[in-house]
1. With buried (at least 17 other Cβ atoms within 10 Å of the Cβ), not β-branched (Val, Ile, Thr) and not in a helix (DSSP H, G or I) as the only criterion, which of B:72, B:47, B:41 stands out?
2. Looking at region B:79-123, which of its residues are farther than 24 Å from residue B:455 by Cβ and in contact (Cβ under 8 Å) with a residue 60 or more places away in the chain?
3. Taking the stated definitions as given, is residue B:121 under 17 Å from the mean Cα position of the chain (by Cα) and more than 9 Å from chain C (Cβ to nearest Cβ)?
4. Looking at C:89, C:29, C:15, C:7, which is the one that is more than 12 Å from chain B (Cβ to nearest Cβ), over 17 Å from residue B:174 (Cα atoms) and surrounded by 14 or more Cβ atoms within 10 Å (Cβ to Cβ)?
5. I'm trying to understand the selection: among the residues of region B:319-341, which are over 20 Å from residue B:473 (Cα atoms) and not hydrophobic (A, V, I, L, M, F, W, C)?
6. Within region B:162-179, count every residue that is at the interface with chain C (Cβ under 8 Å from one of its Cβ atoms) and either buried (at least 24 other Cβ atoms within 10 Å of the Cβ) or among the aromatic types (Phe, Trp, Tyr) (or both).
7. For region A:58-104, which residues satisfy the criterion of being in contact with a strand residue (DSSP E or B) (Cβ under 8 Å, 6 or more places away or on another chain) and of a type in the set (Lys, Arg)?
8. For residue B:62, all conditions in the list (1) over 26 Å from the mean Cα position of the chain (by Cα); (2) at pLDDT 90 or above hold save one; what is the number of the exception?
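The values are calculated or read from the model by the stated rules, or taken from the named source; none is laboratory data. Quick caveat: nothing in here was measured; it's all calculated off a predicted structure. Note that we place each Cβ from the backbone using ideal geometry, even for glycine, and neighbour counts take in every protein chain shown.
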Amino acid sequence: MKLNDIVIQTTTKFVLFIILAFSIFIFFNGHHHPGGGFIGGLMTSAAITLLLLAFDFETVKRILPIDFKILTASGMLIATLTGMGGLVFGGPFLSHTFGYVHLPFFGEVELATALLFDLGVYFVVVGSALTIIEMIGGDQ
Amino acid sequence: MTNYVIWTLLIPLLAGIIMLFIPQRVILQRTISIIASIILLINTVLLVFQIQTEGIQKMELGGWAPPFGIILVGDMLSGLLVLTTALVIIPILIYSFSSIGVEREKKYYYSIFFFLVTGVLGAFLTGDLFNMFVFFEVFLLSSYVLIVHGSTQKQLRESFKYVLINILSSALFVIGVAYLYAVIGTLNMAHLGERIASLTEPAPILTVIALMFLIIFGLKGAIFPLYFWLPASYTAPPTAIGALFGALLTKVGIYAIFRTYSIIFVHDPAYTHTVLGVLAALTMIFGVIGAVAHKDVTKILVYNVIVAVGFVLFGVSTMTEAGYQGAIYYVIHDMIIKAALFLLIGALVTVGGTKYLKQMGGIIKYHPALGWLFLVAVFALVGIPPLSGFIGKVLLIQGGTTVGDYWIVFLMMVASLLVLYSMIRIFLQGFYGKSVLSSKEEHGTTKGLLFPISLLIALSVLLGIGAEFLYPFVQTATEVLLQPELYINAVLKE
Amino acid sequence: MEILMSVIAGILFMVGTYLILSKNMIRIVLGTNFISHGAHILILTMAGLKTGAPPLLGLEATNYTDPLPQALILTAIVISFGVTAFFLVLGYRTYKVTGTDNTDGLRGPDSYD
């Protein structure tokens, strides 16, 4: 059965970037406010799932040539290594630090090592959610 | 000073993550996994000696002091179990190399293996009840993957039930944590122990919660009447995975009961520990009935896992020095010997091509080493001196008679005899007897399988002979169990 | 409010138990999900509902709500998310291999040994 999916395809092209931008905002918002790697990652994977719904697997694979299993593994590696950073500096595992950096265009920004850990979480969530969707949806 | 507690978790975790990147490079994965397990072993040996010389080790995660943050605590009980885990996984890994098959190895077998080990070690080392739930989930999720790994029809069928049972018990765990948090207001185990010990009036709700935790951990540790899922699940996956489960997973449940019933729920031992003792006795009886009744060699072995759970829990329920020491000796012995027996039975089934006793016979004619190793393993399991089961059982009996649980001691001896009967039946019919197959008709080889088995048997013999050497460590572990203040002070006050 | 939440948790457990007792795999998966959510609501209720300001830096309040149960629930939700996903894929694979999503149909010659 071939559905006429012009509406969803056109909408996706607009909405996708809004969702992705918002997910990145949520991801960076996570240190002091609601948000973080988990929810940002889920939102990103929702965006990519929307892409999968509108187009087919081959197209999405061409746009995003990423192996999601490798993405999951690198996320885990980043999170673990960030935790071990504390050990390197003589503190306990998972201890974090933060500092204020002056960036051009953004002004004074607080950067925390917890962000790196959250980046790992983000990768793991995106990778595993999309691996699951690929696994269920891929063989139909 | 290096903190070996955290490295015990990081080594298997990192090994698992690294191997996620290289699923196709089988030889490289094997090399990494064996190197990682050897480093882990060295690390845990150092940990045990550090605990012995410097007292309880701890690691405050993220620098948050207890009771606010999550803490990892390495006391001697955890240390000994961690060391035994590290010892047992090496032979199982070597056995996997030649038996698990390249197809499975390419599907992240070693990664999941190490994630499971991380979860088990974490559950042994954590000092926080909710963190224990998290580590339980880590090894449970890995065990879900391993039990269905390769997805044969039988595995799919059994794993669906296994996953369902464990999801329910996890939900119960969360509920138990919720109740405990509502009543006591903390989840740090040392802090829980301190607050419960300082209660002035009796709190019946705590007894309810204690029994609820007994159900939760009992589902994992397969005590009566919650062992029903175990026989089918543990026989479904390949031998190496079955050995890993039989050696480690039920022991985590036992350890959790051990820990919670010696440090946290000590407010009403007359009730809770009696229930534990009765359940331990029933576990022995029903386990041994299953072992005697079955004609399938894998099932016989799996029911013997359940009997051992009963023995250890009986030691816990006595709350005496000898009982605790016996339980610790026995749990260490059981981890080693159950892994050995799973591997032996796996080799037997591989060679004989069947798991039914009636269809096999005379294997010893062409595989003398396998047969005699099996006999030694059986003797060690039953506890014939000087093999490893002996000292544990003697201490358990001593502990039982101290508190006057004569009938359970009697049941234990009967159960031991029946265990001997059930296992020696495999030897007489499967190995001895008349040959069914000629050497050419055999269904597989024992190539590469004998070395890991002999490693485990050697360990078991060493544990029996070197019991004297191990004694000071067991004594340190028992001291902490008998005087929870030692644990509480080490975690909260220093 | 606590009573209402307890009742909701009870209803969730009830629905979950009913679904798990059915024979359809997808219903069982959904049932486990209901039970986990019942457990999460129970944590939230048992630890006491909102008693003060949200425990965030920068808020000037005398009384703060206990943040620990929420952290526990978040962890438990993430775990149950992963487990449910796995369980769903497992049920799907079982359906693919055995050709049935009825748990009665899972019985094979092996299960009688």
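1. On the way: B:47 fails: not in a helix (DSSP H, G or I); B:41 fails: not in a helix (DSSP H, G or I).
Checking each option against the conditions leaves just B:72.
2. Scanning region B:79-123 gives B:106, B:107, B:108, B:122, B:123.
3. On the way: under 17 Å from the mean Cα position of the chain (by Cα): yes; more than 9 Å from chain C (Cβ to nearest Cβ): yes.
Answer is yes for this residue.
4. Numbers: C:89 fails: more than 12 Å from chain B (Cβ to nearest Cβ); C:29 fails: more than 12 Å from chain B (Cβ to nearest Cβ); C:7 fails: surrounded by 14 or more Cβ atoms within 10 Å (Cβ to Cβ).
Residue meeting the stated conditions: C:15.
5. B:338
6. Total meeting the criteria: 8.
7. To start, the set of residues in region A:58-104 that are in contact with a strand residue (DSSP E or B) (Cβ under 8 Å, 6 or more places away or on another chain) comprises A:92-93, A:96-103.
If the condition is that a residue be in contact with a strand residue (DSSP E or B) (Cβ under 8 Å, 6 or more places away or on another chain) and of a type in the set (Lys, Arg), then no residue fits.
8. (2)
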